[in-house]
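Since the structure comes first, as structure tokens, the remarks are kept for the end.
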Amino acid sequence: MLSQLSPSLRTGRHAFTSAQRPVNPRPLVRTQAYVDASTSYAVLQQGIAYAVVLGAEAAYTRSQLPEGTPGRPAVLPIAGGVAATGLACGLVSLHNEQLATPAFLLGLLASLAMFLYAAKRTTETKQDDSDWPGPKVWPAGMTLVSFFALNVFIQALRAEL
């Protein structure tokens, strides 16, 4: 035992150190971010609900406003938002850790685009004072819902990273 100890320049209880290194050093552990299952299910549930509400509001508003009315939703941007949100939800539902970040980013970008589009529609829609709550209520409501969806995907990214 004493032959294994080598003198050192340190004093006190550290005057002698062991010359041998541990046989099996602790292996390096590679940490990897993952998304908790409850987070995935919450994002999936809220993303699907958002896509359904987004499409339903656009269909309802298009049926109520005549062609050419300012603030009337166009099919292409809404269809793109619904499809992108649906794709993000599909990627989340795969429970693949490598696809979680791209899925959340896609959902974030889709909800941000729909937030900006709904805000644009709100400012373009003319308010009719004789009709309460008026035609601005639908795009303004979708602006709020899109803001909430945006926060869902931001929180999901924060939970993952």
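The values are calculated or read from the model by the stated rules, or taken from the named source; none is laboratory data. Just so it is clear, the structure is predicted and the values come from calculations on it, not from any experiment. Cβ atoms come from the backbone with ideal geometry, glycine included; neighbour counts cover every protein chain shown.
Per this entry, Glu57 is not counted among residues that are among the acidic types (Asp, Glu) and either in contact with a Ser or Thr (Cβ under 6 Å, 6 or more places away or on another chain) or free of Cβ contacts under 8 Å to residues at least 60 places away in the same chain (or both). Residues in the stretch 18-61 that are polar (S, T, N, Q) and at pLDDT 90 or above were compared, and the one that is surrounded by the most Cβ atoms within 10 Å (Cβ to Cβ) is Thr61.
For Pro66, state whether it is assigned to a loop (DSSP other than H, G, I, E, B) and either charged (D, E, K, R) or touching a helix residue (DSSP H, G or I) at 6+ places or on another chain (Cβ under 7 Å) (or both). No; evaluated as a whole, the condition is false for this residue. Looking across the stretch 118-161, the residues that are within 17 Å of Leu65 (Cα to Cα) and part of a helix (DSSP H, G or I) come down to Ala118, Lys120, Arg121, Thr122, Thr123, Glu124, Val137, Trp138, Pro139, Ala140, Gly141, Met142. Among the residues making up the stretch 79-137, those that are β-branched (Val, Ile, Thr) and farther than 18 Å from Arg62 by Cα are Thr85, Val92, Thr101. Take the conditions (1) buried (at least 18 other Cβ atoms within 10 Å of the Cβ); (2) out of contact with any Asp or Glu (no Cβ under 6 Å at 6 or more places or on another chain); Gly141 misses just one of them, which is (1).
Hey, can you tell me all the residues within the stretch 91-117 that are in a helix (DSSP H, G or I) and free of Cβ contacts under 8 Å to residues at least 12 places away in the same chain?
Passing the criteria: Gln98, Leu99, Pro102, Leu116.
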